[in-house]
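Novice: Please find one structure pasted underneath; my questions will follow.
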Amino acid sequence: MKNGAGLSKKSLKRQTDKVLFLQILLILAGVLAIAAGIWRDEVRTVFMKATYICLECIGIG
Amino acid sequence: MAKLPLSFRKTVQGVWTVLTNGYIIGFFQGKIYNGRLKNLCVPGLNCYSCPGSLGSCPIGSLQAVLGSAKYKASFYLLGFFLLVGTVLGRLVCGFLCPFGLVQELLYKIPFVKKIGAFRLDRPLRWLKYIFLLLFVILLPLFIVDAAGTGAPWFCKWICPAGTLEGGVPLVSTNPALQSVIGFLFQWKLAILIVTVLLSILIYRPFCKYICPLGAIYALFNKVSIYKYHVDLQKCTRCKQCEKTCPMQISPVGEVNHAECIR
């Protein structure tokens, strides 16, 4: 049995599983990277930049 | 059932823009919000120097961390892009970006002949990856002053969102800032005016050709959790979707293409 894209049900399932695995991997990597960023105190740099008027952003210098 | 006066997309875009820019008092006082919410980034391009902004701009934040003397990589922003990109892809561009909404509204201005696909349209879309690599990553990282600090090159020399959301409201309400405007402000204002004019003629020109944030999310479009599924057995190949798509891609032939903003 093939779908509209010419893929059999089995290969479609394999492809879907691969994408799902990649999605889980990317989300886990994202969560870990955010945790590492917080641990390295990068958030403070973001906060400091964001809470003072960014003169470059508004075109002052 | 009564039809909504606005489309679902416009409603979400409007509500999101108001929610993430809810520090209304800032617009009247010429100040910006400096509470704890600014520790967090918003998914779309939303200048953190916009008086109403409650969150941080991810592109500005990335340049701030890369340009700081302390760090040469940003795990916080890498993780943010991995997470948001994997879940939503360029849905962010379509639904959660205030600057995208501004361009869409400008494109609605009638009485002007709109420009659809043109010969250089597709090659020009690669420009945003160059802006990402050069202005957001390499220049802030490697062109540093004596203290080891790099400037946010994209925000400083290119970003019209910063001029519109931060520059114009702050300069118009803050006399101290008015007294120090010079060439850079005029340059950025010129870029904003060109962007506004082009947005009347072309659908989302900044998103298509310039936006480094869109370039990042584009990398996730094929694998993101939210994406289009086309039932090819039901497709009649009428190409109506292709003719309707304002991003000039084929939703059937190029499903979940990097340029698809959902």
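Bear in mind these aren't lab numbers, they're just calculated from the coordinates by the rules spelled out. For clarity, every value in this text was computed on a predicted model and none was experimentally measured. Cβ atoms come from the backbone with ideal geometry, glycine included; neighbour counts cover every protein chain shown.
Novice: Work out from phi, with θ = phi - 60° and the Karplus expression 6.51 cos²θ - 1.76 cosθ + 1.60, the ³J(HN,Hα) of each residue of region A:22-34, listed in order in whole Hz, and give x for Gly and Pro.
Specialist: Ordered by residue, 3J(HN,Hα) equals 5, 4, 4, 4, 5, 5, 4, 4, x, 4, 4, 5, 4 Hz.
Novice: So, in nm, how far is label A:A29 from label B:K114 when the simple model puts each one 7 Å beyond its Cα toward the Cβ?
Specialist: 3.7
Novice: Still on this model: Return the sequence-ordered ³J(HN,Hα) values of region B:12-22 in whole Hz as given by the Karplus equation 6.51 cos²θ - 1.76 cosθ + 1.60 applied to θ = phi - 60°, using x for Gly and Pro.
Specialist: 4, 4, x, 4, 5, 4, 5, 4, 8, 10, x
Novice: Next up: Jot down the radius of gyration and Dmax of region B:175-262, Cα atoms only, both in angstrom.
Specialist: 18.8, 64
Novice: At what distance in angstrom do the alpha carbon centres of region B:76-142 and region B:1-52 lie from each other?
Specialist: 18
Novice: Please work out the Kirkwood hydrodynamic radius for the protein assembly as shown, using every pair of different C-alpha atoms, and report it in angstroms with one decimal place.
Specialist: Hydrodynamic radius (Kirkwood, Cα pairs) of the protein assembly as shown is 20.9 Å.
Novice: Taking H placed 1.01 Å from N in the peptide plane, check which residues at least 5 places from B:S56 or on another chain put their amide H under 5 Å from its amide H.
Specialist: B:L40, B:C41, B:V42
Novice: Work out how much length B:L219 to B:I24 would gain on full extension: take 0.36 nm times their residue separation and subtract the Cα-Cα distance, in nm to one decimal.
Specialist: Answer, rounded to one decimal: 66.7 nm.
Novice: Taking each residue of B:155-163 in turn, how many C-beta atoms of other protein chains fall within 10 Å of its C-beta, and what is the average?
Specialist: 3
Novice: Could you state the angle between the C-alpha long axis of helix B:98-107 and the longest principal axis of the C-alpha atoms of chain B, as a value from 0 to 90 degrees rounded to the nearest 10?
Specialist: Helix B:98-107 sits roughly 60 degrees off the main axis of chain B.
Novice: A follow-up question, please. What whole-number volume per residue, in cubic angstrom, does the convex hull of the C-alpha atoms of region A:9-58 give?
Specialist: 100
Novice: Roughly what angle does helix B:75-88 make with the longest principal axis of chain B, taking Cα atoms, 0 to 90 degrees, to the nearest 10?
Specialist: Value to nearest ten degrees: 20.
Novice: Which value, in debye to the nearest 20, gives the size of the charge dipole of region B:122-214 about its Cα centre, when Lys and Arg are +1 and Asp and Glu are -1 at the Cβ?
Specialist: Here region B:122-214 has a charge dipole of around 420 debye.
Novice: Also, I was wondering about something else. How large is the dipole of region B:8-244 about the Cα centre if only Lys and Arg carry +1 and Asp and Glu carry -1, each at its Cβ, rounded to the nearest 20 debye?
Specialist: With Lys and Arg at +1 and Asp and Glu at -1, about 760 debye.
Novice: Express in nm, to one decimal, how much length is gained between B:T236 and B:I130 on full extension, taking 0.36 nm for each residue of separation and deducting their alpha carbon distance.
Specialist: Length difference between fully extended and current span is 34.4 nm.
Novice: Hey, any idea what Rg/Rh is for chain B, computing Rh the Kirkwood way over Cα pairs?
Specialist: Ratio of gyration radius to Kirkwood radius for chain B: 0.98.
Novice: Additional query: Considering every residue in B:78-87, what mean count of other chain Cβ atoms within 10 Å of its Cβ is obtained?
Specialist: Per residue, the number of nearby Cβ atoms from other chains is 6 on average.
Novice: When every alpha-carbon pair in region B:113-258 is counted, what percent end up more than 28 Å apart?
Specialist: I get 36 percent for the Cα pairs in region B:113-258 exceeding 28 Å.
Novice: How shielded is A:32-40 by partner chains, expressed as the average number of their Cβ atoms within 10 Å of its Cβ atoms?
Specialist: 6
Novice: Continuing with this model, one more query. What distance in nm lies between label points placed 7 Å from Cα along the C-beta direction at A:R44 and B:T244?
Specialist: 5.3
Novice: Under a plain spin-label model, where a point goes 7 Å from the Cα along Cα-to-Cβ, how far apart in nm are B:A146 and B:A190?
Specialist: So the label points at B:A146 and B:A190 sit 3.2 nm apart.
Novice: Provide the three semi-axes, in whole Å and in decreasing order, of the ellipsoid equivalent to region B:76-142 as defined by the square roots of 5 times the Cα gyration tensor eigenvalues.
Specialist: For region B:76-142, the ellipsoid semi-axes come out as 28, 19, 12 Å.
Novice: A follow-up question, please. Projected onto the charge dipole of the protein assembly as shown (+1 at Lys/Arg Cβ, -1 at Asp/Glu Cβ, origin at the Cα centre), which of B:L6, B:Y129, B:L37 gives the Cα projection farthest towards the positive end?
Specialist: Farthest along the dipole direction, towards plus: B:L6.
Novice: Order these by the 10 Å Cβ neighbour count, fewest first: B:H257, B:H229.
Specialist: Neighbour counts put them in this order, fewest first: B:H229, B:H257.
Novice: Percent of Cα-Cα pairs per 10 Å bin, from 0 to the last occupied bin, for region B:12-81, please list those.
Specialist: Computed distribution, short to long bins: 21, 47, 26, 6.
Novice: Also, I was wondering about something else. Just the ratio, please: alpha-carbon radius of gyration of region B:35-113 over 2.2 N^0.38 Å, N its number of residues.
Specialist: Taking the Cα Rg and dividing by 2.2 N^0.38 Å, one obtains 1.30.
Novice: Follow-up question, since we're still on this one. Report, in deg cm²/dmol and to the nearest 500, the calculated mean residue ellipticity at 222 nm for the protein assembly as shown, where each DSSP H run with n ≥ 4 adds -39500 (n - 2.57) and the sum is divided by the residue count.
Specialist: Calculated mean residue ellipticity at 222 nm is -14500 deg cm²/dmol.
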